[in-house]
Amino acid sequence: QVQLVESGGGLVQPGGSLRLSCAASGSIFSIYAMGWYRQAPGKERELVATITSGGNTNYADSVKGRFTISRDNAKNTVDLQMNSLKPEDTAVYFCNCIARHYSGSKYNSYWGQGTQVTVSS
């Protein structure tokens, strides 16, 4: 199994910044990609940003230019720097990891428990 521990959520005013961090641990042979998703009340979970082991990134259009995802492959961590936050960014943010347990095994998707981000004055 793979465990994901998130940190860094909280309450911030519009225009402010927050940094989310996620650390993966457990039975990990390799990680293909890590990323962040979010779910606002009454809405479906949506992609925020992902990053592969090779450094390729993908962002939701709504966060491009404001959020930056980064990853430390050696530490199995992923961070999300969120700037110029808007009230519509309010959601529970979930860390995701695509990992496999040994060479040749299939990749599985794992989720963290989520961290609340609230953008409000």
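For this structure, a couple of remarks:
- Using the empirical formula 2.2 N^0.38 Å as the baseline, the Cα radius of gyration of the chain reaches a ratio of 1.04.
- Excluding same-chain neighbours fewer than eight residues apart, the lysines reachable from Lys75 by a Cα-Cα span under 30 Å are Lys64, Lys106.
- The value obtained for region 1-55, namely the Cα convex hull volume divided by the number of residues, is 118 Å³ per residue.
- Charge dipole magnitude, Cβ of K and R +1, D and E -1 - the chain, Cα centre, debye nearest 20: 160 debye
- Tail fraction, Cα-Cα pairs, region 36-87, threshold 19 Å, whole percent: 29 percent
- Loop-located GluC sites (Glu not before Pro) in region 28-121, at most 11 other Cβ atoms within 10 Å (DSSP): Glu44
- Figure legend: label point modelled 7 angstrom from the Cα of Ser70 along Cα→Cβ; residues of region 80-121 with amide N under 18 Å from it are 80-85.
- Rolling a 1.4 Å probe over the protein heavy atoms of region 1-113, with every protein chain left in place, gives an accessible area that is 47 percent carbon and sulfur.
- Region 1-84 - accessible surface per residue (Å², probe 1.4 Å): 53 Å²
- Peptides 23-31, 105-113 ranked from most to least packed by the mean count of surrounding Cβ atoms within 10 Å: 23-31, 105-113.
- Cα-based reach from Lys43 at 20 Å (exclusive), listing aspartates and glutamates while leaving out same-chain residues under 8 positions away: Asp61, Glu88, Asp89
- Phi-based couplings in Hz for region 42-58 (Karplus 6.51, -1.76, 1.60; Gly and Pro marked x): x, 10, 7, 5, 10, 5, 9, 6, 9, 8, 8, 4, x, x, 6, 10, 9
- Gain on full stretching of the segment that runs from Tyr102 to Phe29 - 0.36 nm per residue minus C-alpha separation: 25.8 nm
- FRET efficiency estimate (nearest 0.05) - Cβ-Cβ, Trp111 to Leu11, R0 30 angstrom: 0.80
The values are calculated or read from the model by the stated rules, or taken from the named source; none is laboratory data. All values reported here derive from a predicted model rather than from experimental measurement. All Cβ positions, glycine included, derive from the backbone under ideal geometry; neighbour counts span all protein chains shown. Accessible surface areas use protein heavy atoms only, side chains included; no ligands, DNA or RNA. Shrake-Rupley method; radii C 1.70, N 1.55, O 1.52, S 1.80 Å.
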